[in-house]
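**Q** Handing you this structure, nothing more for now.
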């Protein structure tokens, strides 16, 4: 049965149930799963959540001072949040109204509780969550104490491991045990239920170490295949990078905001463009994937300067990030920018202007880059001025934006025909980069990033398609495309290098070991290349 036919049958079934039991409304998929004793494959809510091959889990650190506030410079004039913000004590740059922040508050900013809560939600959404991508949000993580960082990440891994041991038996998920533990069926928002679950989980949260939980996660049912950390360019020196690598980090999101020193000074950013350039180079040299956060429409900038910024970051070898998060500047109460706006000293970009800007900017974005977001995940209710639209990406594409970035071309669940392998070569941050892609009908099935610098290092390997269990073949995943991409990268590297390294998420180290013959080598996996 086709997916469209399944959806139609489900819709009819839910309508009949509502009629039969005189329900006030048609039950949602989550409500159905809440009461069923088995998990039907067909009932999937929000399928796009895991359509890129992994289950993303965003968690927040406790509220803390932004590091450059301590110097007397900050905070940035557009930044809400913080310990003593207008919204109370919330993570830096957030308002407490975002889904990830509300989940963090509900779980007392405890990483162990947050992970369990998100995995619980994935079960009720009926997604495969065995390969997780963890995103640590809430401010400049490397500015926090080493002890806090290590404990925070330790309990991320422990939560993944403990959830696996609790609810998986002989490679099968025990749905009835899960429902009993989480006191379902019931109201998922019930406060007493949440208190009860927290008590159970805190008993399980026994003392452990980072090394122990990382080693365990290599063979856990639920694996961390990617770990992302957010930081500022001035908190991204080799010292901080070494700590991030120790934690198992594979991707770093840099709060670049602007590439103009005069704009950075005007917003009290506390760092300069040269620190962005240094951080970008160091991250790539260490094999990490680099995402830039950019904010068009900042005070001191202009439409012309913003457009030139997008052009420059992909034309200038000092930048060339692997991905972008674009956050048009918005005005929120409690910020210095709000006061400027109230006094008519700042005017944000209009929807018409930002649409025109992004349509033009997308023309400069190369095929090796992924545009991950084009707006902040902040409730429009707290935005006083600026873009309040929640579907800006969709809107600009309807208005004519044409983009060849990875996100716009990923295969999703489309049918694969003949697969071709392409190699895009470019210079970036004093090194040579190779973007090796597997493509079908101009859609990206998977890709590999190889960097040749002081050493040959694979910075990323990703195959798309809906997430599926390890050991099972999906429509796209686990069909050998990753192995073929790696072989192409190895053949390029062996011309001038005797050894190749790969940065691997903790949960995929065994993939490189068992499938490709790599061995652990410090923070990396490596392999001797035979010419």
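**Q** For the ranges 173-185, 53-65, what's the packing order if you count other beta-carbon atoms within 10 Å of each residue, average per peptide, and put the highest first? The partial results should precede the final answer.
**A** On the way: 173-185: 15.5, 53-65: 21.0.
Most protected by this proxy first, the peptides run 53-65, 173-185.
**Q** I'd like the projected area of the chain, averaged over all directions, using the convex hull of its alpha carbons. Report it in nm² with one decimal.
**A** Numbers: hull surface 100.7 nm².
Over every viewing direction, the Cα hull of the chain projects on average to 25.2 nm².
**Q** If you don't mind, there's one more thing I want to ask. With a 10 Å Cβ neighbour count serving as the proxy for reagent exposure, in which order, fewest first, do 157, 501 appear? Please report the intermediate quantities before stating the final value.
**A** Numbers: 157 31, 501 23.
Ascending Cβ contact count within 10 Å gives the list 501, 157.
**Q** Given a Förster distance of 25 angstrom, what is the FRET efficiency for residue 108 paired with residue 212, based on the Cβ-Cβ distance and rounded to 0.05? Working shown, then result.
**A** Working: r = 24 Å, r/R0 = 0.95.
Calculated transfer efficiency: 0.60.
**Q** Which FRET efficiency, nearest 0.05, do residue 432 and residue 377 yield, Cβ-Cβ r, R0 35 Å?
**A** Details: r = 35 Å, r/R0 = 1.01.
Calculated transfer efficiency: 0.50.
**Q** What fraction of the DSSP beta bridges in the chain is antiparallel, stated in percent and rounded to the nearest 5?
**A** Beta bridges within the chain, antiparallel portion: roughly 55 percent.
**Q** Something else about it: Please order 529, 452 by the number of other Cβ within 10 Å, starting at the fewest. Walk me through the intermediate numbers first.
**A** Values: 529 16, 452 19.
Result, fewest neighbours first: 529, 452.
**Q** Based on DSSP H runs of at least 4 residues, each adding -39500 (n - 2.57), what is the mean residue ellipticity at 222 nm of the chain after dividing by all its residues, to the nearest 500 deg cm²/dmol? Mind showing how you got there, number by number?
**A** Numbers: 18 runs with 191 residues, N = 531.
-11000 deg cm²/dmol, from helical runs alone.
**Q** Please give the peptides 511-521, 232-242, 283-293 ranked by average Cβ packing (other Cβ atoms within 10 Å per residue), highest first, as a rough proxy for protection.
**A** Values: 511-521: 15.2, 232-242: 19.0, 283-293: 22.5.
By packing density, highest mean first, the sequence is 283-293, 232-242, 511-521.
**Q** I would also like to ask the following. Determine, from the Cβ-Cβ distance of residue 515 and residue 239 and an R0 of 60 Å, the FRET efficiency 1/(1 + (r/R0)^6), rounded to the nearest 0.05. Kindly include the intermediate steps, with their values, before the conclusion.
**A** Values: r = 34 Å, r/R0 = 0.56.
Result of the calculation: an efficiency of 0.95.
**Q** So, one more: Kirkwood hydrodynamic radius (Cα pairs, Å) of region 420-528? Show your work: numbers first, answer last.
**A** Working: mean 1/r = 0.0695 Å⁻¹.
Final number for the Kirkwood radius of region 420-528 is 14.4 Å.
**Q** A further question follows. Can you tell me the length gained on complete extension of the stretch residue 268 to residue 316, counting 0.36 nm per residue apart and subtracting the Cα distance? Write down the numbers at each step before the final one.
**A** Numbers: separation 48, 0.36 × 48 = 17.28 nm, distance 2.50 nm.
Computed gain between residue 268 and residue 316 is 14.8 nm.
**Q** Order by neighbour count: 433, 165, fewest other Cβ atoms within 10 Å first, most last. The partial results should precede the final answer.
**A** Values: 433 21, 165 13.
In order of increasing Cβ crowding within 10 Å: 165, 433.
**Q** Less than 20 Å from a label point 7 Å out along the Cα-to-Cβ axis of residue 425: which backbone N atoms in region 482-500 qualify, by residue?
**A** Hits in region 482-500 for residue 425 at 20 Å: 485-500.
**Q** Hey, another quick one. Ranking request for peptides 122-129, 455-462: highest mean number of other beta-carbon atoms within 10 Å first, then the rest in descending order.
**A** Details: 122-129: 20.5, 455-462: 23.0.
So the peptides 122-129, 455-462, ranked by packing, come out 455-462, 122-129.
**Q** Further question: Once each part is reduced to its C-alpha centroid, what is the distance from region 354-384 to region 134-175 in angstrom?
**A** Spelled out, the Cα-based centre of one part sits 30 Å from the other.
Readers should treat all values here as calculations from the given coordinates under stated rules, not as data from a laboratory. Note that the structure is predicted; figures quoted are calculated from it, not measured. Methodologically, a virtual Cβ is constructed for each residue, glycine included, from the backbone with ideal geometry; neighbour enumeration extends over all protein chains shown.
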